[in-house]
Amino acid sequence: MTSYDTELTSSTGAADDLLVRERLWGALTDRDEYAAAATVFAAMEAGMTPEDVLLEVIAPVQHKVGTEWAANRISVAQEHAATAINDRVIAALAHHAAGKVRSHGGRVTLACVDGEWHALPARLLAEVLRLRGWQVDFLGAQVPTPHLVAHLHQYGPDVVALSCSIPTRLPNAHAAIVACQSAGFPVLAGGAAFGRDGRFARQLGADAWAPDARTADERLARGFRPVRRASSRQPVDDLPHLVDQEYTMVSRSAAQLVKSTVADLEDRFPAMRAYSPLQHEHTVEDVAHIVDFLTVSLYTDDDALFTEFITWTADILTARGVPAASLHPALDLLTVQLKEFPRSQRLLTAANDALTAIAGPGASA
């Protein structure tokens with residue numbers, strides 16, 4: 001055992017999770033893929049199981065990557081580099097473990113829903129399930145629903161596991177759930193977009209939800225009842241509030257809402273006319289994100305989804321030296337433009353109230 005290995009071993013001979021996480025974080029911030037891989041392999045040599053490396057080391061370190069980006073302590077490029085290194089470390093670990101686990105025959109198709117490009121959480125799930133004996137077809141990020149269904153018909157898995165991390169992709173997740181079930185395959189949903197309590201998985205009609213990889217394995221092991229094909233099922237069958245067409249009309253006008261809001265902000269704050277192209281681009285992106293979350297909140301009819309996004313955005317802006325109360329004008333301008341839409345009014349009012357509670361009042365529109 002080398003001195004490096006010895007540092008990763010506690011007095012009891014078990015790998016120290018915290019020290020391993022610190023070592024991996026250091027390797028990621030140094031952009032050192034080889035040191036990152038050496039860290040996790042040394043941890044396994046010191047007694048940590050591959051599953052524990054995945055869930056107790058790589059997963060929390062990846063969470064820290066996101067936290068540090070949100071706090072403006074690392075850049076987008078650094079976040080991407082760290083994620084890419086973690087992905088390659090997972091691949092190295094998976095190759096090392098290949099052939100050492102006996103399959104029990106169960107087959108799972110695992111895919112990120114269309115538009116979902118955060119693939120690392122699903123990749124972690126895929127490797128944990130393989131370690132526990134499942135045959136896993138991992139299709140990766142942004143899988144178009146028609147291609148997913150074609151794959152299911154060709155290979156016939158026992159269950160489909162759908163991953164979604166970005167809430168604005170929930171309508172795509174809903175379409176995928178309906179399509180998979182209509183083809184006769186049960187769906188296990190997972191990922192941050194479905195809510196900490198899985199409420200959106202239930203709302204969108206998934207057969208089951210799991211908050212983490214170990215729970216997913218336990219739920220898969222219990223099996224699923226045969227799914228009755230229902231080709232005529234529509235989103236409104238799960239979400240009756242969609243009958244008011246408010247989601248459809250607001251989502252179709254999203255681009256114009258963003259354009260009008262940005263233009264009105266420029267009239268209201270003449271200093272914006274002196275913004276650099278990059279500053280203007282960031283402003284447009286911020287307004288577009290607000291509109292995107294407003295529309296998905298209309299889709300789910302969930303006030304908390306929108307208010308939590310607004311308060312999270314306020315925290316991000318604060319970390320970047322921008323007053324959180326600067327969000328008020330955008331919300332007020334959207335309120336004026338959407339005055340004929342009662343559910344939009346409710347969501348915008350709730351968000352403005354939540355923002356006032358943490359950032360104080362802003363100027364009215």
Open item on the list: Can you give me the C-alpha center-to-center distance between segment 180-198 and segment 211-236, rounded to a whole angstrom?
Closed with: 7 Å
Task: Convex hull of segment 295-365 built on C-alpha atoms - directionally averaged projected area, nm² - done: 4.3 nm²
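If you build the Cα gyration tensor of segment 149-196 and take the root of 5 times each eigenvalue, what three semi-axes come out, in whole angstrom, biggest first? Don't skip to the end; give the middle numbers.
On the way: eigenvalues 85, 22, 13 Å².
For segment 149-196, the semi-axes come out at 21, 10, 8 Å.
With every protein chain present, what is the per residue accessible area of the chain (1.4 Å probe, Å²)?
Working: 17460 Å² over 365 residues.
Using a 1.4 Å probe on heavy atoms only, each residue of the chain averages 48 Å².
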Task: Relative counts (whole %) of C-alpha pair distances in the chain, using bins that are 20 Å wide - done: 26, 51, 22, 1
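Once Rh for segment 176-291 is found with the Kirkwood sum over Cα pairs, what is the Stokes-Einstein diffusion coefficient at 25 °C and 0.890 mPa s, in µm²/s?
Numbers: Rh = 17.7 Å.
Answer, rounded: 139 µm²/s.
So for segment 15-83, what are the equivalent ellipsoid semi-axes in whole Å, largest first, each being the square root of 5 times an eigenvalue of the Cα gyration tensor? Each step should come with its number before you reach the end.
Working: eigenvalues 95, 29, 14 Å².
Working from the Cα gyration tensor, I get semi-axes of 22, 12, 9 Å.
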- [ ] Give the carbon-plus-sulfur fraction of the accessible surface of the chain in %, rounded to a whole number; probe 1.4 Å, heavy atoms of protein chains only.
- [x] 54 percent
Open item on the list: Could you put Arg346, Arg233 in order of accessible surface area, largest first, with the 1.4 Å probe and the full protein assembly present?
Closed with: Arg346, Arg233
Open item on the list: What value in Å³ per residue do you get for the convex hull of the alpha-carbon atoms in segment 241-359?
Closed with: 90 Å³
- [ ] Under 17 Å Cα to Cα from Lys259, which aspartates and glutamates show up? Leave out anything in the same chain fewer than 8 places away.
- [x] Asp267, Glu281, Glu285, Asp286, Asp292, Asp332
Task: Most mobile of Thr145, Thr311, Thr67 in a GNM of the chain (Cα contacts under 10 Å) - done: Thr67
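The values are calculated or read from the model by the stated rules, or taken from the named source; none is laboratory data. Keep in mind that what you see is a predicted model, and the values were worked out from it rather than measured. What goes into the accessible areas is simple: the full protein's heavy atoms, side chains included, and nothing from ligands, DNA or RNA. Shrake-Rupley method; radii C 1.70, N 1.55, O 1.52, S 1.80 Å.
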